[in-house]
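The values are calculated or read from the model by the stated rules, or taken from the named source; none is laboratory data. Given the structure is predicted, the values throughout are model-derived calculations rather than measurements. Cβ placement follows ideal geometry from the backbone for every residue including glycine, while neighbour counts extend to all protein chains displayed. Side chains are part of the model used for accessible areas, which takes the heavy atoms of the whole protein and leaves out ligands, DNA and RNA. Shrake-Rupley method; radii C 1.70, N 1.55, O 1.52, S 1.80 Å.
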Amino acid sequence: MTLALYASDHFRYGVQDPLQAARYGYQGARADYERRYREKNWTLSEYLALTGEFVGEDPKSVHGHRIPKRGCLGEADRAIYGTNPQDRKDPVLDLETKSLQQGRRAPAWKQADRTWSACMRKAGFHYATPGVAELGEDRRRQELKERMNGSSHDHDEPSALEKRTATADARCKQQTGYVRTVHAIDVRIQNQLIARHRAQLEAQRRWNEDATRTAGEILENRA
């Protein structure tokens, strides 16, 4: 299986819909992404020109034109933002991560994990937290053994075991009120973080607004 990270606010607390979990396992975020963005098969020249991601002896120019730093996407970013966004720390993403980290240490969140875990044990699955279940190191070991034994399963798709686990996970979240509990904790901590970092967030908002205005001006000039 190809490992890739797909993020979605709909899956901030993991799988929640048993029907969706039964179909996609823990890969609902990937399925959501693929529905929104159709896959494009780039030629090597197109990909290098777009991203500037070179490997080894990859050519550094296309059709006689030198590929700019981080490719055409990087050039567009610099035209709009004045720099590469990847070089700038985004306080929104940073605080989103911090709120989860702090939330998971809260006693009420830990109790929600324990209640969820007890529900999962009744269903035959032994995981301390939803995050451990989603990571599924035990499933990965089993799937590796199956591949070594010549399994014909399409490893880009969730296995039957993953689907069963994710379905039980979602059902236990519903039965225990897990998402309602952890969401309330998450919101409380986010509000505290927003209050403490308001100046940074306001600066980011202005930066985004400036970039939007610049992009609009570029499009108008090219119309």
Exercise for review: Could you check, for region 66-87, whether at least one of its residues is at pLDDT 90 or above, open to solvent by less than 70 Å² (accessible area, probe 1.4 Å), under 16 Å from the mean Cα position of the chain (by Cα) and of a type outside the set (Lys, Arg)?
Suggested key: no
Point to revise | Odd one out for Arg30 among (1) in contact (Cβ under 8 Å) with a residue 60 or more places away in the chain; (2) within 16 Å of Pro158 (Cβ to Cβ) | key: (1)
Review point. Which residues, taken from region 211-223, are open to solvent by 70 Å² or more (accessible area, probe 1.4 Å) and either touching a residue at least 60 places away in the same chain (Cβ under 8 Å) or of a type outside the set (D, E, K, R) (or both)?
Key: Thr212, Leu219, Asn221, Ala223
Practice item. Hey, can you tell me all the residues within region 114-128 that are open to solvent by 20 Å² or more (accessible area, probe 1.4 Å) and under 16 Å from Val182 (Cα atoms)? Key: Arg114, Thr115, Ala128
Check your understanding: Identify, please: which residue in region 10-39 is basic (Lys, Arg) and part of a loop (DSSP other than H, G, I, E, B) and is, among those, most open to solvent (accessible area, probe 1.4 Å)?
Key -> Arg38
Check your understanding: Within region 47-65, how many residues are open to solvent by less than 80 Å² (accessible area, probe 1.4 Å) and part of a helix (DSSP H, G or I)?
Key -> 4
Review point. With Arg141, Arg180, Arg198, Arg171 as the choices, which residue is under 22 Å from Gly28 (Cβ atoms), free of Cβ contacts under 8 Å to residues at least 24 places away in the same chain and open to solvent by 90 Å² or more (accessible area, probe 1.4 Å)?
Key: Arg180
Practice item. Give just the number: which of (1) among the hydroxyl-bearing types (Ser, Thr, Tyr); (2) under 22 Å from the mean Cα position of the chain (by Cα); (3) within 30 Å of Lys98 (Cα to Cα) does Thr212 not satisfy? Key: (2)
Practice item. Go over the candidates Gly136, Gly131, Gly103 one by one and state the one that is touching a residue at least 60 places away in the same chain (Cβ under 8 Å) and loosely packed, with under 14 Cβ neighbours inside 10 Å. Key: Gly131
Practice item. Please give the number of the condition Ala160 fails out of (1) at pLDDT below 95; (2) surrounded by 15 or more Cβ atoms within 10 Å (Cβ to Cβ). Key: (2)
